[in-house]
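First up is the structure itself, then whatever we jot down about it.
Every read-out reported here was derived from the displayed coordinates using simple, explicitly stated rules and does not represent laboratory data. What you see is a predicted model; the values in this text were computed from it and never measured. Note: ideal-geometry Cβ built from the backbone for every residue, glycine included; neighbour counts use all protein chains shown.
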Amino acid sequence: GRARKEAQGRQSPGSPGFFPPDPGSASVLERKGSRGPWLRCLLAHFALEKQPEFSGSKLYLHELLEGSEIYLPEVVKPPRNPELVARLEKIKIQLANEEYKRITRNVTCQDPRHGGTLSDLGKQVRSVKALVITIFNFIVTVAAAFVCTYLGSQYIFTEMTSRVLAALIVASVVGLAELYVMVRAMEGELGEL
């Protein structure tokens, strides 16, 4: 007991006269909170160091672990609560119904061979009317940009060719901007369907 503690105080763990901590007593390592695998590895190291076949040679961890296996305890799943399972099934069915309604909200039960009703005709007329108004608005906007630039450029350019060229450039830029706005609006309408 006492001689062993004095020897431990004087020698480092790497020296040959170092005594490993006694497994039955609360060692310094255990009191500091280093319990578990570290202590077991340290004790195994000291025990192997005392074996005659390892005397005088260095021990390496990878050599000690060679050929060993990892033991993983089998995970036992707790039994499922039948009340929670029933609630989960109810929620799954509800979500599936909502998804089905979302997918089929634009599907009608009418036979396509018999033609549409008056409400379908009204929808089609409104759609064509909106398209005609959009095209008319595009043409008027581009023409107005051309005319304004042509008339306004007479103060800058004296030749008619330069005035027409400037008017075409401005009308093209305005037309591209209008097309961009129309495409974005159509994307928004298609996303709402």
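Quick rundown of the values:
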read-out: Theoretical FRET efficiency, 1/(1+(r/R0)^6), r = Cβ-Cβ of Thr104 and Leu42, R0 45 Å, to 0.05; value: 0.10
read-out: Exposure proxy ranking, count of Cβ atoms within 10 Å, fewest first, for Phe138, Phe146; value: Phe138, Phe146
read-out: Where labels lie 7 Å past Cα in the beta-carbon direction, separation of Tyr155 and Asn97 in nm; value: 7.0
